[in-house]
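Below you'll find the structure, written out as structure tokens, and then a few comments.
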Amino acid sequence: MATEYTCITRKIEVHLHKHGDTEEAAQRLKDEYHIWDNINDNLYKAANRIVSHCFFNDAYEYRLKIHSPEFRQIEKSLQHAKKNKLSEDDIKKLKAERKSLCADFREQRLAFLRGGATEGANPEQNSTYQVVSHEFLDVIPSDILTCLNQNIASVYKQYALEVEMGKRTIPNFKKGIPVPFAIKQNKQLRLRKRNDGSVYVLLPRELEWDLSFGRDRSNNREIVERVLSGQYDVGNSSIQETRSGKRFLLLVVKIPKASRTLDTKKVVGVDLGIATPLYAALNDNEYGGLSIGSQEQFLKIRMRMTAQKRELQRNLRYTTNGGHGRTQKLQALERLEGKERNWVHLQNHIFSKSIIEYALKNNAGVIQMERLTGFGHDKNDEVGTEYKFILRYWSFFELQSMIEYKAKAAGIEVRYINPYHTSQTCSFCGKYEKGQRINQATFVCKNPDCVKGKGRQKSDGTYEGINADWNAARNIALSEEFVDKKKK
Ligand SMILES: [Zn+2]
């Protein structure tokens, strides 16, 4: 069975390797940059040459047809079949003749593409390769040229129909197109590691491109390590020179979809928070967690939208007689409500994506959320106005379903738990008592023997407490009070 995988492209800056500090090494580096510049200066010309000949190959057959008086005569007769009072049999005969002529032209074309040779697979690509290798093989290594030839042929195919219909002309390539190569050449990976741990790509003509990861915000080193260890497969990649003269490896990595083995004992609990819209915590971690979104930002945007809406609604009240003005204002109100929905929708997308990323990053195989029945009553005995605000505007059902389908796609199981007391129970010792959540943001455990549920002790003997949303998220992650399904 073929494994399904997702292709991702990683952009990593590269430099040609310095082979020491000697004069010889300096000269070698100079020579190598010269080789590279030559490739870069000629590659786009080769690309244009290939695409021109792709078109020429297609056009050749067309020209054979229209230059054949026989073929044109048949076409004409068939076009005016009614006027010429052709019988069914006549038409059949003409069509058969046309078919055999077309087969002839196709044969002629293939013979032409093969350049006299009788056999050979893929004569189209071979013919364009012959054209460019004749002209460019001195400056562009054959491996790169082969790759380019394949890439350009597939680009041309995308446009071929529109070109034929006269809707557009053939694509045009400019200097700076990526220099493509098979990263696995004869089963050997071009990506290699030196004894000192540095990683490079070995291109033809002994060009060693050192990878420099910089601050590596996108975790490229780890991905490269996985490629080197064989965990990830790679696809044909390229090196591109930008206008500013920087060079980047565009590494195509195939990440298997199914092979991810997540830990099903690792659970992420997701809490709809008060101080923060969303909080995630792990069942097996006593620190950290993930807070997503800020309430301030959320409230600010919502308030602005609500204010606009009120203004419109107030205006509507004064124009109750109907007529032009009212319709316009109603439309404005609808538009605003649409905008609001889109905004919430987008936020939910961002939030659900973050939750999935957090789970994957921690190798967690399960996400637990509260079932929404009774939500807002069991959960919190002192429902504040802010909380109502969030409940009213936060489309939590939508968020849950987004988390659910995204989790599914990533191979994570989603479970719903009973929300009872999740915010009033200490996630460390399990003590439940009202008033432990001393305010929206802070939880202090009242169990005298519990240390971790109290936070640091202040100079006056009281405790700093722990983040109340995080505590609730931990409870959700730890809970085994599963409920079947979410109910409205
Ligand atoms: Zn406790």
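Would you work out the relative contact order for region 34-174, in percent, from Cα pairs under 8 angstrom that are 6 or more residues apart? Don't jump to the answer; show the numbers that get you there.
Numbers: 97 pairs, mean separation 57.3, N = 141.
Reported as a whole number, the value is 41 percent.
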Using a simple charge model, +1 on the beta-carbon of Lys and Arg, -1 on the beta-carbon of Asp and Glu, nothing else, what dipole does the chain show about its Cα centre, in debye to the nearest 20? 1980 debye
What is the spread of the Cα atoms of region 24-154 along each of their three principal axes, largest first, in whole Å? 84, 28, 21
Compute the helix-to-body angle for 295-318: its Cα long axis versus the longest principal axis of the chain, expressed 0 to 90° and rounded to tens. 90 degrees
Could you work out the relative contact order of region 136-231? I mean the mean sequence separation of Cα pairs under 8 Å and 6+ apart, divided by the number of residues, in percent. 19 percent
With Cα coordinates, the longest principal axis of the chain makes an angle with the long axis of helix 142-164, in degrees rounded to 10, of 90 degrees
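Work out the length of the dipole vector of region 151-209 about its Cα centre, built from +1 on the beta-carbon of each Lys and Arg and -1 on the beta-carbon of each Asp and Glu, and round it to the nearest 20 debye.
On the way: 12 positive and 5 negative charges, 21 e Å.
Around 100 debye, computed over region 151-209.
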For the chain, can you list the cysteines whose C-beta has no other cysteine C-beta under 4.7 Å from it? CYS7, CYS54, CYS102, CYS147
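Counting Lys and Arg as +1 and Asp and Glu as -1, what is the net charge of the other residues whose Cβ lies under 10 Å from the Cβ of PHE173?
+4
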Which Cα, out of TYR156, GLN297, LEU251, lies furthest along the positive dipole direction of the chain (beta carbon charges, K/R +1, D/E -1)? GLN297
Output the 0 to 90 degree angle, nearest 10, between the alpha-carbon long axis of helix 123-136 and the longest principal axis computed from the alpha carbons of the chain. 90 degrees
Loop-located GluC sites (Glu not before Pro) in region 68-176, at most 10 other Cβ atoms within 10 Å (DSSP): GLU119
Quick shape summary for the chain, equivalent ellipsoid via Cα gyration tensor, semi-axes whole Å in descending order, reads 61, 38, 22
222 nm mean residue ellipticity, helices alone, for the chain (DSSP H n ≥ 4; -39,500 (n - 2.57); rounded to 500): -16000 deg cm²/dmol
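Give, as a single signed number, the net charge of other residues whose beta carbon lies under 15 Å from the beta carbon of LYS265, with Lys and Arg counted +1 and Asp and Glu -1.
On the way: positive: LYS266, ARG415; negative: ASP263, ASP284, GLU413, GLU480.
Local charge sum for LYS265: -2.
Which loop-located trypsin sites (Lys or Arg not before Pro) does region 69-138 contain, where loop means any DSSP state but H, G, I, E or B and the Cβ has at most 15 other Cβ atoms within 10 Å? Each step should come with its number before you reach the end.
Working: sites: ARG72, LYS76, LYS82, LYS83, LYS85, LYS92, LYS93, LYS95, ARG98, LYS99, ARG106, ARG109, ARG114; in loops: LYS82, LYS83, LYS85.
Sparse-neighbourhood loop trypsin sites (Lys or Arg not before Pro): LYS82, LYS83, LYS85.
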Over the chain, what relative contact order in percent results from Cα pairs under 8 Å that are six or more residues apart? 15 percent
For LYS83, give me every one of the aspartates and glutamates with a C-alpha distance below 18 angstrom, ignoring sequence neighbours fewer than eight places off in its own chain. GLU75
Taking the Cα centre of each part, how many Å lie between region 101-176 and region 406-451? 65 Å
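Classify region 176-218 as rounded, prolate or oblate from the Cα gyration tensor: take a ≥ b ≥ c as the square roots of its eigenvalues, call it rounded if a/c is under 1.5, otherwise prolate when a/b beats b/c and oblate if not. Numbers along the way, then the final one.
Values: a/c = 1.90, a/b = 1.24, b/c = 1.53.
Oblate is the answer for region 176-218, as a/c is 1.5 or above yet b/c matches or exceeds a/b.
Exactly which trypsin sites (Lys or Arg not before Pro) in region 150-245 are in a DSSP loop and have at most 15 other Cβ atoms within 10 Å?
Sites meeting the loop and neighbour criteria: LYS167, ARG168, LYS174, LYS175, LYS187, ARG194, ARG205, ARG215, ARG217, ARG243.
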Local charge sum around GLU75 (other residues, Cβ-Cβ under 13 Å, Lys/Arg +1, Asp/Glu -1)? +4
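Here, each number is a calculation from the coordinates, and none is a lab measurement. Since we're looking at a predicted model, the values are computed, not measured. Heads up, the Cβs are rebuilt from the backbone with ideal geometry, glycines too, and the neighbour counts pull from every protein chain shown.
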